Amino acid sequence: SQNHLGKVLTVFDDSDKEGAPIVQIDSHGFQVSRIHMDNLGFGDNFVKLSPGSSDKVFTVWDASLRNLAPIILSKWDDLDNQKFFIEGTGGNRFRVRALHSDKVLDVFAASNIDGAPIVQFDFHGGDNQRWRIES
């Protein structure tokens, strides 16, 4: 997934460690794991997200319902804080909404810096919450 800056979602330092943060990074000049969207049924847009060949998935930390809760990597436990809906927002852009909280993936503070954390936040339609999916 790419955001408004052309940056991509990845795991910090391409780590496979439990709890590693999900961040944005410039895809040029960096080796980044491709993010896989695995369909969970219940319609085409209900997915779990995983980097590369990892057996771990994007997870909202501690199943938090709060804004700014970080998105981390953790083992798949089939929990609602590991399940996401991909929803169109127009202009070939999408929001990624957490099932358990109804909040969306958001680049913290609309940062343009490599390594800025990905958090969950109420949807407000900002470019830092709208993603492009590339095949």
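Data for the structure
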quantity	calculated
Residues of segment 91-107 satisfying the condition of being surrounded by 15 or more Cβ atoms within 10 Å (Cβ to Cβ) and in a loop (DSSP other than H, G, I, E, B)	LEU99, HIS100, SER101, LYS103
Candidate set from segment 121-135 (those that are closer than 18 Å to ARG66 by Cα and of a type in the set (S, T, N, Q)); member that is least open to solvent (accessible area, probe 1.4 Å)	GLN129
Residues located in segment 11-24, provided they are at pLDDT 90 or above and within 15 Å of the chain's Cα centre (by Cα)	VAL11, PHE12, GLY19, ALA20, PRO21, ILE22, VAL23, GLN24
Test: residue in segment 62-84 that is touching a helix residue (DSSP H, G or I) at 6+ places or on another chain (Cβ under 6 Å), modelled with pLDDT of 95 or more and open to solvent by 40 Å² or more (accessible area, probe 1.4 Å)	yes
Every residue from segment 57-101 that is of a type in the set (Gly, Ala, Ser) and out of contact with any strand residue (DSSP E or B) (no Cβ under 8 Å at 6 or more places or on another chain)	ALA63, GLY90, GLY91
The lone exception for LEU49 - which of (1) assigned to a strand (DSSP E or B); (2) of a type in the set (A, V, I, L, M, F, W, C); (3) open to solvent by 30 Å² or more (accessible area, probe 1.4 Å); (4) closer than 24 Å to LYS17 by Cα it fails	(3)
Positions within segment 108-120 being touching a Lys or Arg at 6+ places or on another chain (Cβ under 8 Å) and open to solvent by less than 60 Å² (accessible area, probe 1.4 Å), in sequence order	GLN120
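The values are calculated or read from the model by the stated rules, or taken from the named source; none is laboratory data. Source: prediction; values computed, not measured. When we count neighbours, we look across all protein chains shown, and the Cβ atoms used for this are built from the backbone with ideal geometry, even at glycine. Areas reflect the complete protein model, heavy atoms only, side chains present, ligands, DNA and RNA absent. Shrake-Rupley method; radii C 1.70, N 1.55, O 1.52, S 1.80 Å.
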